[in-house]
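**Q** Below are the structure tokens for one structure; questions will follow.
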Amino acid sequence: MNRFFVTGVNGQLGHDVMNELIDRGYEAVGSDITEAYSGIDDGSAVTRAPYRKLDITDASSVSRLLKEVRPDHIIHCAAWTAVDAAEDEANIPKVTAVNADGTGNIAKAARELDAVMTYISTDYVFNGQGTEPWDPDCKDYAPLNVYGKTKLAGELAVSETLDKYFIVRIAWVFGLNGKNFIKTMLNVGKTHDEVRVVNDQIGTPTYTLDLARLLVDMNETDKYGYYHATNSELPDTSTGFDKNGTKNGFISWYDFTKEIYRQAGLTTKVTPVTTAEYGLSKAARPFNSRLDKSKLVKNGFKPLPVWSDAVRRYLTEIGEIK
């Protein structure tokens, strides 16, 4: 029986990865920066699972703890993900320490143990321009902001240190445990008559529950390498819309919000604006977050379900759809 070690279990993805592993009967140890698990107390398996405090920026602590746990697989979900806060001069050393150096510490420990490592990355490693989906094996890196630069540094730390690794890029993440775009828009929609949302940043969202299943599927194989994994686009039709009036293919944050409100039964007016008109972000944001996921199918993995279905299941899970 393979043993897993999961970082960042207080976050959205780590929470779901732990639950998926335990549900499949694997031995799994979770970790995060706090003394004890401090994510959502939902009574799921992660809340009762073995947990070890770990500061991934402390190389000696990482090496010592992982030698003690001796995992066969490490799924590294811990990261600094506050994109705008990462731009603050005072935060840059912290962001770098977590996303770049901390990932390097995990990779070195994985090499010492001959463990498989899975690293969660982002489309922010690219320049965010154009309209073509990014290929997972594309090496034309040009991150736009501090977050993207540090996540790219993490990717390189993994690929240059290990042979047995999965680097999985995702985008627009939502899950049960923690803050996300859906929760924010629901709160705004319930308290405002109108909301302005950008319509020139294009991609697809990622439900952590679906992603967790794929990550465990991957770790049951030796098909290592780079992958992209977001929820699937809706199939193209002659009208460009599905039966519910939802835009097909890749979507904007405006389209995403419209579908969230439609499914949640909110009548809040959603007004599309450009990124320039919105003008609130400190960090430069990618206009093109389209990710090519065809490599998943080529290597025998089941793609994540359609994004609108993921939204429905998520809204049901958090009690917004009865």
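The values are calculated or read from the model by the stated rules, or taken from the named source; none is laboratory data. These numbers were taken from a predicted model, which means no experiment stands behind them. Cβ: placed from backbone, ideal geometry, glycine included. Neighbour counts: every protein chain shown. Heavy atoms of the whole protein, side chains included, go into the accessibility calculation; ligands, DNA and RNA do not. Shrake-Rupley method; radii C 1.70, N 1.55, O 1.52, S 1.80 Å.
**Q** In the range 12-46, which residues are crowded, with 22+ Cβ neighbours inside 10 Å and among the small types (G, A, S)?
**A** Answer for the range 12-46, where residues must be crowded, with 22+ Cβ neighbours inside 10 Å and among the small types (G, A, S): G14, A28, G30, S31, G39.
**Q** Now a separate question. Going by what's in this entry, would D101 be described as of a type in the set (D, E, K, R), surrounded by 22 or more Cβ atoms within 10 Å (Cβ to Cβ), modelled with pLDDT of 95 or more and not in a strand (DSSP E or B)?
**A** Against the criterion (of a type in the set (D, E, K, R), surrounded by 22 or more Cβ atoms within 10 Å (Cβ to Cβ), modelled with pLDDT of 95 or more and not in a strand (DSSP E or B)), D101 does not qualify.
**Q** Would you pick out the residues in the range 257-291 that are of a type outside the set (S, T, N, Q) and within 12 Å of V195 (Cβ to Cβ)?
**A** First pass over the range 257-291, keeping only residues of a type outside the set (S, T, N, Q): 258-262, 264-266, 269-270, 272-273, 276-280, 282-287, 290-291.
Correct list: K258, I260, Y261, L266, K269, V270, P272, V273, Y278.
**Q** Quick one: is D222 open to solvent by 40 Å² or more (accessible area, probe 1.4 Å) and of a type outside the set (A, V, I, L, M)?
**A** Considered against the rule, which asks whether it is open to solvent by 40 Å² or more (accessible area, probe 1.4 Å) and of a type outside the set (A, V, I, L, M), D222 comes out as yes.
**Q** Then there is this: Take the residues in the range 136-151 that are part of a helix (DSSP H, G or I) and over 15 Å from I167 (Cα atoms), then tell me which one is most open to solvent (accessible area, probe 1.4 Å). Write out each step before concluding.
**A** Residues of the range 136-151 that are part of a helix (DSSP H, G or I), as a first pass: 146-151.
Still in the list and also over 15 Å from I167 (Cα atoms): 146-147, 149.
Numbers: V146: 22, Y147: 25, K149: 119 Å².
Ranking the qualifying residues of the range 136-151, first place goes to K149.
**Q** Six or more apart or on different chains, Cβ atoms under 6 Å: show the pairs whose first residue is in the range 105-130 and within 30 Å of P205 (Cβ to Cβ) and whose second is part of a strand (DSSP E or B) and of a type in the set (K, R).
**A** So the pair list comes out as S121/R169; T122/R169; D123/R169.
**Q** What number of residues within the range 153-176 satisfy the criterion of being open to solvent by 10 Å² or more (accessible area, probe 1.4 Å), of a type outside the set (F, W, Y) and either under 14 Å from the mean Cα position of the chain (by Cα) or closer than 18 Å to I260 by Cα (or both)?
**A** 3
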